[in-house]
Each structure stands twice: as structure tokens, then as C-alpha cells.
Amino acid sequence: MMKKMLTKLSAIILSGLMAATILTGCGSKSGDSAKKEVNVICWSEYLPDDVISSFEEEKGITVNMTTYTSPDDMLAKVQSSKAGTYDLIIAPENYAPIFSKQNLLEKLDRDKIPNYTNIDSKYLGRENDPDNTYSFPYMFASAVIAVNTDVIKDKIESYADLLNSKYKDKIVIIEDSRAVYSMAAMAEGCDANDTSDKTLKAVESYLTKLLPNIHAFDGDSPKTLMINGECPIGLIYGAEALLAQKEVSSIKCYYPKEGVYLGSDSLMITADAQNKDNAYELMNYIMDGDVSAKISEEFPYINPNKAALEKLGTEYSENPLTNPADDVINRACTLTDIGDNISKIVDLWTKIKG
């Protein structure tokens, strides 16, 4: 009898231990998952591999990267993905109001990102997120006219200059419908955010004239076509132009006279992030002065991080591509949320590209 009671008691204890193990295991698995990874969607060639590796080693968090080569590509990936696919989005600032209206973004907890104080105040409070409720700037990108002066002897300082028929099949242009639309609008003396019939017709007219001169649309690495000599002219991001200059010293850059595209890419955390704390951890890490300086050393965009600027030195601060003059900033446009009118630009872009 005693033996049976002990057997039953042992079974009960064993059963309890197994249940506790299962429950503990489940809790541990969930905790480990939350600590171990973060899912990011970002432009290609924008977040250096060594920065990612350092973060993973220091924090013990694996970074799963999804890249895109155009904002349209990013939008399609985000909106077609199931809830919780991405934790951190690095995307053009004008998508902050679009995503926030769709309840896709987390209202940021600044206590979890103390390094936000490194961002220069002049880059905060921009029109797309006035209180930085949902986003903080990552980098700013200007678009410039880059010219290999060994091949092209003319001075090309305006969008109008690009229409010259002698430049047929010689231009590489960024793959970004909003940015290109804004520049075409400025070329025609129109507002970069206007989608009225008048502006649409003007933009279509300009791009139709420019199209024969375009050799390639490239949102991934337009500098490559300038470095290898395939395209002696580029309407490309300033950082890409600077990297091309380092390889080909004869490349000169100009800010277009009619107006300058100046866009910001922002750091945003999704509302349904499965690894929210890890997303905050990575966002704060990116805003660290040393880390931000490393990013700019590899991808020399306009950096809003004042702590990083102190470390980058005069080579960065005195270069007009990484620190544009006030007159350039004053004639720059800011892309804003245009709501459903974005479809007009997408339709025109599709029509132009054929």
C-alpha cells in the first residue's frame, strides 16, 4: 500500500515538474526570441555591415535585413506584409504621416532612445512629423547633377541643361518616383508637391523630353554606372556622387539652379513590432555619435547627428555635398504627404518608364 502511495506521489511530483519545465521553457523561448532578433527594412547600401555586426556582437541581437531600391518598392513590401513582419523601418520621411494614419507606427518612447538628444534641433520638427511623435531623422539626401568633365566639357548646372539632345543615352537617374517628380516640377517652375493637372502636364512634358537621354534608372547604386564610364552624367544622390568622385576625380557636382531635392530618411518602429524593445535598442544604437559617424564614413549622406559631426572632421563639414550651404537649403523642397494624389505620380511614373 505504502509503495503504491509513493508511486502515485512520485507520479504527481514528476508530472508537476514536467509541467513547470514546459511552462518555464515556453516563457524562456518567448524571452529569448524577444532578445535575439530585430527585423529591419531599409534602403540597400545604407546601413553598413560592420555597424550591424558590431550591434549584434555588443547586444546579442540578430539583425534580419530586408532591403529595397525605391520607395515604391518599400511601400509595396510594408503594405503587403502580415502584421509584425517588420520591427524597424528606415524610409523617406514623407511616409511617416502615411503610415501613422494607417496606425502602422509606434508612438515613440523617448526614454528608450536617450541618444535622440544627439540629433541637431534644426533637423527636428519637420513638416511630416512636427513633434517627432513617430520618427527621428536618420540621414538627409540631396540630389545633384554629377558630370564627368573628362567626357562632358559643358557646364551642366540646371535641369534644363539635361535636355540637350547631345546627352542621349548618357544619364543615370535615381529610381524614386516622388523625388524625380519633384525635380521635374521644379524644372518647370512648379511646386514639388503639387499634383494639379497643370503641374502633371508640365512634369510629363519635361520627363518625356528627358527620357531619350536616360540610360538607366538606378535606385541601388547609380554611382557604379558613373565609375565604370557607362554614364558620364548623373542626376543622383549627393552621397553616391561623392563616392563616385573618390573613384573618378574628374566628376564634378552641381546643385540645380531651379531648385534642390532634399529628402530625409527616418527611423520608425512599427506598432505591431514583434521585437519592439530590440527595435528601440537598434534605433538608439544608430543615434550614438560614434556609430552615426561610422555610417557617414561609409555612406556620406548629410548627417543630422551633431555628436557624429564632431567626430567626422573638416573633410565632412566643409564638403558642399555633405554640408550644403544655406542658399542650397533655402531653395530645397520638402516632400510632404499628398494622400491619394500619390497615385497620380505613380501612374505618370509608370507611363513615362513604359
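The values are calculated or read from the model by the stated rules, or taken from the named source; none is laboratory data. It should be emphasised that the depicted structure is a prediction, and the values quoted were computed from it without experimental measurement. All Cβ positions, glycine included, derive from the backbone under ideal geometry; neighbour counts span all protein chains shown.
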Taking LYS112, is it loosely packed, with under 12 Cβ neighbours inside 10 Å and not assigned by the TED database to the domain that holds GLN245? no
Hey, can you tell me all the residues within the range 268-303 that are in a strand (DSSP E or B) and either closer than 15 Å to THR322 by Cβ or not assigned by the TED database to the domain that holds GLN102 (or both)? ILE302
Out of curiosity, is ASP176 touching a helix residue (DSSP H, G or I) at 6+ places or on another chain (Cβ under 9 Å), acidic (Asp, Glu) and modelled with pLDDT of 95 or more? no
Does VAL147 satisfy the criteria of being more than 17 Å from CYS333 (Cβ to Cβ) and part of a strand (DSSP E or B)? yes
Only one residue in ALA293, ALA244, ALA273 is of a type outside the set (Val, Ile, Thr), surrounded by 18 or more Cβ atoms within 10 Å (Cβ to Cβ), over 28 Å from ILE98 (Cβ atoms) and more than 17 Å from the chain's Cα centre (by Cα). Which one? ALA244
Could you check the range 247-267 and list, in sequence order, the residues that are at pLDDT 95 or above and outside any loop (DSSP other than H, G, I, E, B)? GLU247, ILE251, LYS252, CYS253, TYR254, VAL260, TYR261, ASP265, SER266, LEU267
Criterion: surrounded by fewer than 22 Cβ atoms within 10 Å (Cβ to Cβ), in the same structural domain as ASP87 (by the TED database), of a type outside the set (A, V, I, L, M) and at pLDDT 95 or above - qualifying residue of ASP191, ASP131, ASP161: ASP131
Where SER80 falls short, out of the listed (1) modelled with pLDDT of 95 or more; (2) surrounded by fewer than 17 Cβ atoms within 10 Å (Cβ to Cβ); (3) polar (S, T, N, Q); (4) closer than 30 Å to ILE173 by Cα: (1)
